[in-house]
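Only one structure is covered here, and it is reproduced in the block below.
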Amino acid sequence: LAVAIGGPGAVFWMWLIAFIGMSTAFIESTLAQVYKIPDKDGFRGGPAYYIEKALGQKWMSVLFSILITITFGLVFNSVQANTIAQAVDEAFQIDPLWTGILLVVLTALVIFGGINRIAVISSTIVPIMAVVYIIFALYVVFTNISEVPAIFLSIFRHAFGFEQIAGGTIGMAMMQGIKRGLFSNEAGMGSAPNAAATAGVNHPAKQRLVQSLAVFFDTIIICSCTAFVILLFDEYTNVAETGIQLTQAAFQHHVGSFAPSMIALIIFLLAYSSVIGNYYYGESNVDYLKTKGPFKFLYRLTVLGMVLFGSIASLDLVWSMADLFMAMMAVVNLVAILLIGKIAFEVLKDYTKQKKQGKDPTFHISHVPGLKNVDWWGAQDKKNKESK
């Protein structure tokens, strides 16, 4: 979508936002680990928790919880459903309504079956499909290796060229690259910390390495693979498709007529895993709000409704909704990590110090002066003192 609307220069801005995002991912994931709390499934946490505990601003944490619940559970799931429906329609000419109904059924089976099922499905599907996708993309790149230098030149020329500046298209490239880059890796939005908090590590800084690598992998690796496949397709500017269907057309040009079906299957599985992952982000924050009565059940029904809506809605509508709510989420979270990010750096100092001493770093809240409201790690320190 970024390349179709913003041109080749959008790819550069996606790369740039990814490198910046690796830093914000480090800070927010470390904070999520520091302020996580235990629950029946292991741990939970995220911006809502570190905003309340570190900043002491309950209203701000409630605002973020509402925004992420709407953004991921509802709006982003409509985007994923739209992508799946378009891919399936392109490959098999199946009405998006029927694809939407199937997605609703499959999603309902998972979200009413428990969070552990989400983890099992995602951890199985995502690595396999990602590897398959990368293999096909690399095949395209290496079979057209002589054209790759020209692609790099085109990316940088369209990102900074005088023609683009004069024509105003550099702004479009920048905006599309930043928006789609942020959507691809979520860094700074405050969503990934909800996942980072669930990890069981003996030092919060360890998780920051995982989250930073995830940003690199999402945008620098996966999105670049897609970009190169499209840019190596000479006719990409002449086709009507702009979203996933453009990727299918590019792969079909490079590897044969089976490509649209192959991409449809890969996208179905990857985007479906995103649907259930997005649902979890929302549910985690519904739990934070401690809503009583049938609210969680109603949330689940609304999620299913948005999956069906996204399947049949227009591409422009679902992406416009995503951009709006993504921006609001990011503003709240970035303000928070700007104010309390120093805690993450203090935690990193402690981790680095222990590594230099040849230790496997273990976190104790006494290592970071002034740290307070740290439920899990504080309880562990207390337990260790009592055992001694």
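The values are calculated or read from the model by the stated rules, or taken from the named source; none is laboratory data. Note that this is a predicted model, so its numbers are computed, not measured. Cβ coordinates were reconstructed from backbone atoms using ideal geometry, including for glycine residues, and neighbour counts include every protein chain displayed. Accessible surface is based on the protein model in full, side chains and every heavy atom, while ligands, DNA and RNA are left aside. Shrake-Rupley method; radii C 1.70, N 1.55, O 1.52, S 1.80 Å.
If I ask for residues that are in contact (Cβ under 8 Å) with a residue 40 or more places away in the chain, open to solvent by 10 Å² or more (accessible area, probe 1.4 Å) and either of a type in the set (Val, Ile, Thr) or closer than 26 Å to residue 378 by Cα (or both), which ones from the range 1-42 would you list?
Result: 3, 5, 17, 20, 24, 26, 27, 37, 38, 39, 41, 42.
Inside the range 288-342, can you point out the residues that are open to solvent by 40 Å² or more (accessible area, probe 1.4 Å), closer than 25 Å to residue 38 by Cα and among the polar types (S, T, N, Q)?
Result: 291, single match.
Taking the range 167-219 only, how many residues are more than 26 Å from residue 77 (Cβ to Cβ) and open to solvent by 40 Å² or more (accessible area, probe 1.4 Å)?
The number of residues fulfilling the criteria is 9.
Yes or no, residue by residue, for (1) under 21 Å from residue 59 (Cα atoms); (2) under 27 Å from the mean Cα position of the chain (by Cα):
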residue: 287; (1), (2): yes, yes
residue: 295; (1), (2): yes, yes
residue: 316; (1), (2): no, yes
residue: 322; (1), (2): no, yes
residue: 337; (1), (2): yes, yes
residue: 342; (1), (2): no, yes
residue: 355; (1), (2): no, no
residue: 385; (1), (2): no, no
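If the requirement is being at pLDDT 95 or above, in a helix (DSSP H, G or I) and within 20 Å of residue 195 (Cβ to Cβ), which of these qualifies: 286, 303?
Values: 286 fails: at pLDDT 95 or above.
Sole residue among the options that is at pLDDT 95 or above, in a helix (DSSP H, G or I) and within 20 Å of residue 195 (Cβ to Cβ): 303.
Among the residues of the range 272-279, is any farther than 30 Å from residue 52 by Cα and not in a helix (DSSP H, G or I)?
no
Sort out which residues of the range 239-271 are more than 16 Å from the chain's Cα centre (by Cα), part of a helix (DSSP H, G or I) and within 30 Å of residue 47 (Cβ to Cβ), and write them in order of number.
244, the sole residue that qualifies.
Can residue 265 be described as touching a Leu at 6+ places or on another chain (Cβ under 9 Å), under 11 Å from residue 87 (Cα atoms) and among the hydrophobic types (A, V, I, L, M, F, W, C)?
For residue 265, the condition - touching a Leu at 6+ places or on another chain (Cβ under 9 Å), under 11 Å from residue 87 (Cα atoms) and among the hydrophobic types (A, V, I, L, M, F, W, C) - is not met.
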